[in-house]
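*Asks:* Quick one: this structure, given as structure tokens, is what I'll be asking you about.
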Amino acid sequence: MMHLSRRKLLRTAASGAIASLLPGCGPRNTEPQMPVGYQLGKPLPWVNWAGNQYCYPAKRLGPGTEAEIVEALRRAPGVVRAVGASHSFTALVPTDGTLIATDLLSGLAGHDDATSQAEVWAGTRLHDLGPMLADIGQALPNMPDIDYIALGGAIATSAHATGSQFGSLSSTVVGLSLATPDGRLMECSATQNRQLFAAARASLGALGVITRIRLQNERSFQLTEVNRVEHTEDILADLDERVARHRHFEFLPIVHSDLAVTVSTDLARPGDQDAGTENPQAVNTLRKAFDAIGWMPGADRIYDILLETVSGGDRTIRTGPSYTVFPHVREVRFREMEYAVPADAGPACLREILETIRRRNIPVCFPLEYRRIAADDIWLSMFEGRPSASISVHQFGDLDHKAYFAEIEPIFWKYEGRPHWGKLHSLDATRLAALYPRHWKDFRDVRGEIDPEGKMLNPHLKTILGG
């Protein structure tokens, strides 16, 4: 999540040998990262990437064709859920009924050079999609900073990146094929099954299984990303100007600190070259530094001095094809909560989160993440009807996130935040309906028509969508 590549910081944090003797980011969770194991006589468990969701599906299917998916939905016993890369932190997938993996529905189904559109099978991982599109001279206009996820899951949860002129991945969808719970295959677009299309572009998998997705792409392009350590208030003071100046801009405030890492990404220029090396373990390095001094009186000031000293104004630069620059390696397991608030409210919301963490001395050191996303017209997209600031809160996978997230979540509510569908939150259907006043009922009506028996609704979806 953090892009620090500071050799000095790595060396300094080696003093973290003392950290094992000192209190740090919080008590170890009594709950293991991998919560279940195989038990004789039980079905093979499914566990998500974060290790906080699991189930024992009675039947697991891996259809390789649309016809097989249609047949699977027609015959499947119990609640049916589809799964891609298992990266959602929320309980979207778990079922004791039938689990349909989309892994075999992968690859390019077709493309159109004239329109820069491509039809892609829904199980395709984003790290495979980039090279596939490059081979036909196309590229996603924007791309999440994690490319392990499957395209179908990314669309279902309105996954996004950053850039005030760019919407979520769902906003690039111009058509899709949907296998319905009663075993039909329906083509959807702005001109065909329009209501279903508006619902299916961010459906949480509640309408069936998306099989193919038609994307509006751009011609292939090169990017250069620059990241550096700056003061958070300096960033916020001219945030609108930075967002307008850069094709993509985000920053990662370091909690219990006045510093943040900025990430500015623009079209590459001739002569751009890589500088520095990205360190996928940077957040663990930060954790060692915090653990080493977090117990001291005045630790926040000492922490800032340490970070400023070891960062030394260094920059990390990455340049290359867009699909190699957008994503970052993610090796450290974590849990995440994310809300999208109106863009104008973003700075105030962020300041209140940082101030609350410091004032209440919450023992956390995983950086936050602040991004900007354009408005869209997708019924249950977090960005429906309003440009948004997305603010993410994280905790290490081996630490208890619950008390920390519970402390911060009400701040998002104060600013009319909408939770990311794939990230942890505590809202139910009644409270969520108030956040989507224009199309909540429209979605429920379409869902009721397409799946009147609730075949796609697991307990989590019944809670957040209403039974």
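The values are calculated or read from the model by the stated rules, or taken from the named source; none is laboratory data. The model shown is predicted, which means the values in this text are computed figures rather than measured ones. Positions of Cβ are generated from backbone atoms using ideal geometry, with glycine treated the same way; all protein chains shown enter the neighbour counts. In case anyone asks, the SASA skips ligands and DNA or RNA and just uses the protein heavy atoms, side chains included. Shrake-Rupley method; radii C 1.70, N 1.55, O 1.52, S 1.80 Å.
*Asks:* Where in the stretch 366-467 are there trypsin sites (Lys or Arg not before Pro) that are in a DSSP coil and have at most 15 other Cβ atoms within 10 angstrom of their Cβ?
*Replies:* Arg438
*Asks:* Taking 8 Å as the Cα distance limit and 6 or more residues as the minimum spacing, I'd like the relative contact order of the chain as a percentage.
*Replies:* It rounds to 21 percent for the chain.
*Asks:* Taking each pair of different alpha-carbon atoms in the stretch 235-294 once, compute 1/r for the pair, average those values, and report the inverse of that mean as the Kirkwood hydrodynamic radius in Å to one decimal.
*Replies:* 14.1 Å
*Asks:* Within 10 Å of each candidate Cβ there may be at most 15 other Cβ atoms; applying that plus a DSSP loop requirement, which GluC sites (Glu not before Pro) in the stretch 392-467 survive?
*Replies:* In loop regions of the stretch 392-467 (DSSP not H, G, I, E or B), the sparsely surrounded GluC sites (Glu not before Pro) are Glu416, Glu453.
*Asks:* How large is the accessible surface of Leu140 in square angstrom, using a 1.4 angstrom probe and rounding to the nearest 10?
*Replies:* Accessible area of Leu140: about 10 Å².
*Asks:* I'd like the projected area of the stretch 73-221, averaged over all directions, using the convex hull of its alpha carbons. Report it in nm² with one decimal.
*Replies:* 8.8 nm²
*Asks:* Any number yet on Rg/Rh for the chain, C-alpha, Kirkwood? Before the final figure, lay out each step's value.
*Replies:* Details: Rg = 22.1 Å, Rh = 22.9 Å.
Rg/Rh: 0.96.
*Asks:* Oh, and also: Need one word for the stretch 371-467: rounded, prolate or oblate. Basis is the Cα gyration tensor (sqrt eigenvalues a ≥ b ≥ c); a/c below 1.5 gives rounded, then a/b vs b/c decides.
*Replies:* On the way: a/c = 2.21, a/b = 1.35, b/c = 1.64.
Oblate, because a/c is 1.5 or more while a/b does not exceed b/c.
*Asks:* Excluding ligands and nucleic acids, what accessible area in Å² is computed for Asp103 using a 1.4 Å probe, to the nearest 10?
*Replies:* 70 Å²
*Asks:* Right, something else. About its Cα centre, how strong a charge dipole does the chain have in debye, to the nearest 20, once Lys and Arg get +1 and Asp and Glu get -1 at the Cβ?
*Replies:* The calculation lands at about 880 debye.
*Asks:* Across the chain, where is the longest run that never hits chymotrypsin sites (Phe, Trp or Tyr not before Pro) in a DSSP loop with at most 15 other C-beta atoms within 10 Å?
*Replies:* 39-220
*Asks:* Still on this structure: If I histogram all Cα-Cα distances within the stretch 113-162 using bins 5 Å wide from 0, what percent of pairs lands in each bin?
*Replies:* Taking every Cα pair in the stretch 113-162, the percentages come to 5, 19, 33, 27, 13, 3.
*Asks:* Alpha carbons only, please: Rg and Dmax for the stretch 315-440, in angstrom.
*Replies:* Gyration radius and largest Cα-Cα distance of the stretch 315-440: 15.7, 46 Å.
*Asks:* Quick one: accessible surface of Ile210, probe radius 1.4 Å, all protein chains present, in square angstrom to the nearest 10.
*Replies:* Ile210 exposes around 20 Å² with every protein chain in place.
*Asks:* Also, I was wondering about something else. Among the listed pairs Lys59/Lys288; Lys288/Lys402; Lys42/Lys441; Lys42/Lys288; Lys288/Lys462, which have their C-alpha atoms separated by more than 32 angstrom in this model?
*Replies:* The pairs that break the limit, which is 32 Å between Cα atoms, are Lys59/Lys288; Lys42/Lys441; Lys42/Lys288; Lys288/Lys462.
*Asks:* Can you pull the Rg over Rh of the stretch 191-244, Cα-only, Kirkwood? Can you show the working numbers first?
*Replies:* Details: Rg = 19.6 Å, Rh = 16.1 Å.
Value, to two decimals: 1.22.
*Asks:* Computing the accessible area with a 1.4 Å probe over protein heavy atoms, can you report the carbon and sulfur percentage for the chain?
*Replies:* 52 percent
*Asks:* Apply the a/c threshold of 1.5 to the C-alpha gyration tensor of the stretch 63-120 and tell me whether it is rounded, prolate or oblate.
*Replies:* Values: a/c = 3.36, a/b = 1.71, b/c = 1.96.
Oblate.
*Asks:* Next up: At 1.4 Å probe size, with every protein chain present, just tell me what the per residue accessible area of the chain comes to in Å². Let's see the in-between values first.
*Replies:* On the way: 18380 Å² over 467 residues.
Here the per-residue accessible area is 39 Å².
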